[in-house]
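The values are calculated or read from the model by the stated rules, or taken from the named source; none is laboratory data. Nothing here was measured: the structure is a model prediction, and the numbers come from that model. Methodologically, a virtual Cβ is constructed for each residue, glycine included, from the backbone with ideal geometry; neighbour enumeration extends over all protein chains shown.
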Amino acid sequence: MKPIFNLLQFCLISLLVALMPPVYAAEDKSNYQFVISGVEKPLADNIILFLNNLTLSCDASDGMRDALKKQIPEQVQLALQPFGYYQAQAEQIDIKPANGCWQVEVIVAAGEPVIIRSVAYEIAGPGNNHPQIKDIKADNWIKVADVFNDSDYQQLKQQLRQWANTYGFLDADFRVQQVDVYPDQKAADIQLTFDTGSRYQLDDVVLEQQPAFMNPLFLRR
């Protein structure tokens, strides 16, 4: 029976290790570092990016460390909002001595993400029938029932700006660009209206040379 017990014990330990949440730490760019657990790496990386705006000296007093702790929850919330998490919480914050300075350990609960509930997307103006702009469909980036991700929303807007610059709609602009987020309802409503404006046309091109050195026949081609 002893070998069976050892095998069961090994399996139990392996299962516990597999279920442990991953831990992500900032690169050692300073004498102290932030260690984030409870969320996936892209979220943890953005949290660290926000937290790196905070400062903590290696000789910080208890009061200074407590002050830092009070700032962390807001930074965690701000860091996760672009990913659609508007109710994130810093569940536990510990500041421990490490390597002659401090290690700030933060356990994060992202909570439930905000889901896109509605999308009102419109292309207005003289260029709304342009063949290429018809290929810029909202649901390639933002789709009802998907998690709202601000990066996807910004990419859609960038595609529209790029189209306008490429095809000469230089007065194009967003008539409406609004995202209403309701964290309690875990819902986001998006309104985006892009007005193409008129297309700029290239006028007659007049080439003048002084002194004359090019063949007139070449200029008339």
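One table, with the values for the structure above:
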quantity	calculated
Some residue of segment 154-165 being outside any helix (DSSP H, G or I), surrounded by 14 or more Cβ atoms within 10 Å (Cβ to Cβ) and more than 20 Å from the chain's Cα centre (by Cα)	no
Segment 110-153, subset of a type in the set (A, V, I, L, M) and surrounded by fewer than 15 Cβ atoms within 10 Å (Cβ to Cβ), residue nearest to GLY168 (Cα to Cα)	ALA124
Test result for VAL205, assigned to a loop (DSSP other than H, G, I, E, B), aliphatic (A, V, I, L, M) and at pLDDT below 95	yes
Selection count where residues are closer than 13 Å to TRP102 by Cα and not in a loop (DSSP other than H, G, I, E, B), scope segment 40-65	3
Residue check for VAL176: over 26 Å from LEU43 (Cα atoms), in the same structural domain as ILE123 (by TED's automatic domain parsing), at pLDDT 95 or above and of a type in the set (A, V, I, L, M)	yes
Flag for GLN155 being over 15 Å from PHE83 (Cα atoms) and either in the same structural domain as GLN87 (by TED's automatic domain parsing) or in contact (Cβ under 8 Å) with a residue 12 or more places away in the chain (or both)	no
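Table: residues versus (1) at pLDDT 95 or above; (2) exposed (fewer than 12 other Cβ atoms within 10 Å of the Cβ); (3) under 27 Å from ALA187 (Cα atoms); (4) out of contact with any Pro (no Cβ under 9 Å at 6 or more places or on another chain).
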{"site": "CYS11", "(1), (2), (3), (4)": "no, yes, no, yes"}
{"site": "SER37", "(1), (2), (3), (4)": "yes, no, yes, no"}
{"site": "ALA44", "(1), (2), (3), (4)": "yes, no, yes, no"}
{"site": "PHE50", "(1), (2), (3), (4)": "yes, no, yes, yes"}
{"site": "THR55", "(1), (2), (3), (4)": "no, yes, no, yes"}
{"site": "GLY63", "(1), (2), (3), (4)": "yes, yes, no, yes"}
{"site": "GLU74", "(1), (2), (3), (4)": "yes, yes, yes, yes"}
{"site": "ALA79", "(1), (2), (3), (4)": "yes, no, yes, yes"}
